[in-house]
Each structure stands twice: as C-alpha cells, then as structure tokens.
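Have a look at this one before I ask anything.
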Amino acid sequence: MALTDVKIRNIKSSNKQVKHFDGGGLYLLCTPSGGRLWRYKYRYDGKAKGLALGRYPEVTLLDARQRRDEARRNLANSIDPGAVKRAQRAADTAETETFEVVAREWFAKFAPAWGAKYSYNVHRRLEVDLFPFIGKRPIAEIKAPELLAVLRRTEARGCLETAHRLRMISSYVFRYAVATGRAERDPSADLRGALPPAQVKHHAAITEPKEVAPLLKAIDGYNGSFVVKSALRACYRYFSFVLVSYAMQNGPKLILTKQSGISRRAR
C-alpha cells in the first residue's frame, strides 16, 4: 500500500531498521535512531542497487516520488541513476573546489604566522597574477602547461623574479590541496627549469680601499636613533675584525685607528 504523509507521521520507532514501501522501488527506511531516509531500489546490468533520495521531512513524499520517477526514466534509457548522481556530485565539487577557493583557505590558515609585508605581497600576487587566470578552474584539473602560461604572462612584463615567486606560491597552494584531498599532485613541480633563471642583482659595495675610511668615519659620527647607531657600530667592529684577520693571513699586519678610520701598514 502506498504511503501517505499521515502514515509516515504515525510510524512508530523500532529497535531495528524497518522499510516502508511506497511502490515502484521507492521506500522509506526508518532507523532506530529516528532517521527517516528515502531510498530507491532498482536493478541495473543484472545487479541490485540502491539510490539515496534524501531525508524526510526535508524531502517530502511528493519530492521523493518525483526523484524516483526521474531515476526510472534514466533506467528506461539504459542509464544508471547512481552513476548520474555521482557525476552530479563531482560537478558540484569541481565548482566549489577551485584554485581560488583552496588558495584563500590556505592563505587564511597560514598568513597569521607571517610578517605583514610578506602577507601583503603573497595576497597581492594571488589577486593580481593568479586568480584572474586560474582562480575559477577546478584545482584538480590544472596541469603544468596551463600554469606555465600564467607564469609567462608575468615573465613577459619583465618580472622574471616575480614569475619564480608565483610558481613557489602556487606550489604551496597545490601541495595544500593534495594534503587535504582535493588534488592528486602539484603541477608546479613539473615546471622546474621551464622559466629562465632570474638575474642576480648585487647591491652596491665599496671595493676601493681608499673609500673605506670615509665610510667608517661616517658610521662613527652617525647621530641617528640608538638602535641604528648600535647596529652600525656592530658592523664597524665586525669589519675591523675581518680586516685584521685578512691581514694576518695575507700580508703585513694592519693597525686600525679610530682617528684615521682605516689602517696603516706596520713596519
């Protein structure tokens, strides 16, 4: 006999699972814990199978019958209703587990431990250089060539070092996705050597001995903040130690004098 809303409301609890059939393979499974679950029983390719249709009363009797009828139409067209549901679930997952969603989750989890400047730089690089191009893509579907195309956009702007940093940031995101079960692997690992090495830019340095004395005098006469002055004097002492050590190993001893700020050869 077909179910009605009145019959469902009057079903008494039991210490074991009980099936209440409605017809056409649809039944309501009542559990000892009080759950009332819609199920559809069918056969496909000679095998008995079951399909979950939702929980009562969130899914009403009318809704459950409509879902059963849709499943029966799929069977009439030689389509497994269970396979259809799995494909729909996978599509929903792909829409919600995009690169941007995972990256924002990763950022929110780890950014509190970073410095303000580093956190700002990472966030900006995500927003400007990565999200506009792969942000909406399911993270599990992004492959190395697609990621490389994004990095080459930055390289083409003359920002090669930034492109390398973007590969590193994307690697962190992909590895987080792998760890949380939303990707199989990190495609950025396949891009090692795909970008030209960044040019090393050395900072200006004094290489002429005659230029050292004015530097040391300037350090000694600095009248700025206590912290900076202490740091400069620490550098002064370290530099003096290096000069003496070098001279003792490679030539006449150097006697450093505060008055000259540099050294004179000892006879």
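Any read-out appearing in this document is the output of simple, stated calculations on the displayed coordinates, not a laboratory observation. None of these values were measured; they are calculated from a predicted model. Using ideal geometry, Cβ is built from the backbone for each residue, glycine included, and neighbour counts are taken over all protein chains shown.
Using Cα-Cα distances under 8 Å and only pairs 6 or more residues apart, what relative contact order does segment 5-84 have, in percent?
This gives 19 percent for segment 5-84.
Something else now. If R0 is 41 Å, what FRET efficiency do you get for Lys210 and Phe110 from their C-beta distance, rounded to 0.05?
After rounding to 0.05, the efficiency reads 0.25.
Now, a different point. Bin width 10 Å, origin at 0, all Cα-Cα pairs of segment 138-196: what percent of pairs per bin?
For segment 138-196, the pair-distance distribution reads 25, 53, 20, 2.
Related question: Work out how far the C-alpha atoms of segment 77-175 reach from end to end along every principal axis, then list the three figures in whole Å, largest first.
Largest first, segment 77-175 extends 57, 32, 19 Å along its Cα principal axes.
Still on this structure, I have one more. Taking the mean number of other Cβ atoms within 10 Å as a proxy for protection, how do you rank 169-179, 127-137, 12-22 from highest to lowest? Each step should come with its number before you reach the end.
Values: 169-179: 19.4, 127-137: 15.7, 12-22: 11.4.
In decreasing order of mean packing, 169-179, 127-137, 12-22 become 169-179, 127-137, 12-22.
With the cut-off at 27 Å, tell me which of the pairs Lys47/Lys143; Lys19/Lys49; Lys12/Lys85; Lys12/Lys41; Lys117/Lys229; Lys12/Lys47 have Cα atoms farther apart than that.
From Lys47/Lys143; Lys19/Lys49; Lys12/Lys85; Lys12/Lys41; Lys117/Lys229; Lys12/Lys47, over 27 Å: Lys47/Lys143; Lys12/Lys85; Lys12/Lys47.
Taking R0 as 45 Å, what FRET efficiency do you get between Thr31 and Arg153 from their Cβ-Cβ distance, rounded to the nearest 0.05?
Approximately 0.25, to the nearest 0.05.
Pull out the extension gain between Arg192 and Lys19, defined as 0.36 nm times the separation in residues minus the alpha carbon to alpha carbon distance; nm, one decimal. All intermediate terms of the calculation are to be shown ahead of the outcome.
Details: separation 173, 0.36 × 173 = 62.28 nm, distance 5.82 nm.
Gain in length upon complete extension: 56.5 nm.
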